[in-house]
Amino acid sequence: MKKQLLSLVIAGAMSVSTGVLAHSHSTDNNGNAHGAEVTEQSEAQKLAVLTQQYFDESLSRSPLMATFYGVSEYNDQFNDPLSPELLADALAFEKRYLAELEKIDSTQLSGQDWISYEIFKNDRQHSIDGVRFGTQYMPISQMGGVHTFFPMLGSGQSAQPFNSVEDYDNFAKRTLGFATYMDSVVTYMKLGVKEGVVLPTPIAEKLLPQLSAHVVDDVTTSVFYGPVAALSENEGISEEDKARITADYKALILEVIAPAYQRVHDYVKNEYLPATRASVGLSGLPDGKAWYEYQIKTHTTLPLSADAIHEFGLQEVSRILDEMNKVRETVGFEGDLPAFFDHLRTDDKFYFTTEEDLIAAYTNVKADIDARLPALFNVFPKSDYVVKAVEPYRAASSAAASYMPPAPDGSRPGIFYINTRDLKAQPKFSLETLSVHEAAPGHHFQIAIQQEVEGLPLFRKFNGYTVFSEGWALYAESLGKELGLFSDPYMWYGRLNDEQLRAMRLVVDTGLHAKGWSREKAIQYMLDNSSMAESDAVAEVERYISMPGQALAYKTGERHIRELRESASETLGDKFDIRDFHTQILTDGAMPMPILSQKIEQWIAAQK
């Protein structure tokens, strides 16, 4: 539950105050505001103090989150283990801040203060509403959890610093907390068995290789040995300290980390798997219908029903199939659309033969896209991004591509991860659309710009909503032709194929969690309506099973942003500038879609 509550803070977005919502106030001859503004300032100050206190306290409650925000004070600590006391305290924390917020007179707020108030209120109430569900009983899945997160930290390739002796000692101390937390994971999975809240069998099975990967006899093969291997290049650490750190880390890996993973692995294999469920949707769990409705609201922030989303998905799948058929005709393929799909899946000319060629291709397309962006944007991130392959230890269950934000202080670039495990899941025709989505002007623009711009409360600077981030990234894909991309019909097919994935998600996610679909039915539906590799379809469906509602955010978010753009263009006519519209979306931080709508409506009014 603590992970769920804090995830609303950590998701990742920020930007600058644009002033489009600011109200005008009269002043005297000395420039001093009259009474109404003094009242507003007083309420605004209360809000600023309250939200900063919340943010600061959140960091002390989640040392891991603090590390990712560049706050080093807690680098030697791990999050507290799961317990009834921790969950009760997390709920009380949210209720306390909501009660304090309600003491502030929101009618006296305007501009960024009004946005902050609405976002903070929405987040606190939504966190409280989610307590009724049994999230804490399924603390890990193949899509994520402490078991996959901690190796990223310990690899030396993420937010945890490994520059000084103190840094190495901090992580060694943090490791002890990790082991304790892993034991609490087992405790709560056992409670989940008693409560009937358990993972589906195929999802639990995927945990076993993830856990066993870190049970090693040779420490040099462990991902946690990475920082030790890098010691030889660190001239700031003495040879004596290097020897001591090396010995300490060998002991940590063999005596603390590996045994912690072994304990969880053995429990999952011997006790948990026999108790897992045959059903795959949330509807198969206690209070499952309401739980899924909560997940829809979590990830879309919109008042949408599963039935309405399912129908929207079916319509989009049909429309995109028609567009795909036009591509088939354009390239002169003589077979029908299913045969065209099979051709695209199996013909070697559509795939890379080496990991190096795949990464190089994405690096090259980056330069091409970057040169085109000024046509549609007048705001750009200061931080760059790099293209990397997903680490082998997490490749089996990772998505085809993903993005990790840059360090807030600019010390680490963003990372566009490509999963090179199955080259047949990475077709050449996805190069442009996938890069636009995950990097620029998709996730990299949205998150990096927000982290870099000054002026917002910190709780908004690092706030995030799936519908905002993924909706923006899919909307960014839709800009491809405006940027001069997708001129090759196969590249355009790649865009359609990726859009089709998001459309199918609407059908499959709601099918799994609200309409009783099986895992096998969902996989077959995706194979029947696209050219995606079977391994990719399996990974996608199992992702939706593990993350109910998350996959709904893409198309619903894109649709909402597109509707806002059309409204602005229609209303403003010749005054509409697409670059200014994009600035408005990107430079006030992530927010629920209803609040974004109000913001854009007031921006439109200010332009007339």
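For this structure, a couple of remarks:
- FRET efficiency estimate (nearest 0.05) - Cβ-Cβ, Ser83 to Lys103, R0 41 angstrom: 0.85
- Think of the stretch 265-349 as a dipole: +1 on every Lys or Arg Cβ, -1 on every Asp or Glu Cβ, centred on the Cα centre; then among Phe341, Met324, Val268, Val268 lies furthest on the positive end.
- Residue-span extension gain [Leu304 to Asp287] - 0.36 nm each, minus C-alpha spacing: 4.3 nm
- Modelled spin-label separation between Thr363 and Ser212, with each label point placed 7 Å from Cα along the Cα-to-Cβ direction: 3.5 nm.
- Cross-link reach list, lysines versus Lys173, counting only Cα pairs under 24 Å and skipping chain neighbours closer than eight places: Lys2, Lys3, Lys242, Lys250
- Dipole of the chain, positive end: most advanced residue of Ile578, Pro594, Phe445 [Cβ charges, Cα centre]: Pro594
- Exposure proxy order (Cβ contacts within 10 Å, fewest to most) of Val197, Val436, Val386: Val386, Val197, Val436
- Computed about the Cα centre, the dipole magnitude for the chain is approximately 1100 debye when only Lys and Arg (+1) and Asp and Glu (-1) carry charge, each at its Cβ.
- The convex hull drawn around the Cα atoms of the chain, when projected onto a plane and averaged over every direction, covers 29.1 nm².
- Theoretical gain in end-to-end length, Ala92 to Asp248 [0.36 nm per residue, Cα-Cα removed]: 52.2 nm
- Subtracting the Cα-Cα distance of Val71 and Thr221 from their residue separation scaled by 0.36 nm leaves 51.0 nm.
- Under a 5 Å amide H cut-off, with hydrogens placed 1.01 Å from N, Asp384 pairs with Gly414 among residues at least 5 apart or on other chains.
- Glu255-Lys575 FRET efficiency (beta carbon distance; Förster radius 56 Å; 0.05 resolution): 0.25
- Sorted fewest first by neighbouring Cβ atoms within 10 angstrom, Leu483, Leu512, Leu572 come out as Leu572, Leu483, Leu512.
- Where labels lie 7 Å past Cα in the beta-carbon direction, separation of Phe380 and Gln602 in nm: 3.1 nm
- Residues of type lysines that Lys608 reaches as a straight line, Cα spacing below 21 Å, ignoring anything fewer than 8 places off in the same chain: Lys575, Lys599
- Over 24 Å (Cα to Cα) - which of Lys269/Lys521; Lys190/Lys269; Lys95/Lys194; Lys388/Lys521; Lys521/Lys555 fall in this group: Lys269/Lys521; Lys95/Lys194; Lys388/Lys521
- Within the chain, percent of DSSP bridges classed antiparallel, to nearest 5: 55 percent
- Of Ser305, Ser58, the sequence from fewest to most neighbouring Cβ atoms within 10 angstrom is Ser305, Ser58.
- Normalised convex hull volume, the stretch 461-600, alpha-carbon set, Å³ per residue: 131 Å³
- Cα convex hull of the stretch 387-468 - mean projected area over all directions, nm²: 6.3 nm²
None of the figures in this text is laboratory data; all of them are computed from the coordinates on show. Bear in mind that the values here come from a model prediction, so they are computed numbers and not experimental data. Please note: Cβ atoms are built from the backbone with ideal geometry, for glycine as well, and neighbour counts cover all protein chains shown.
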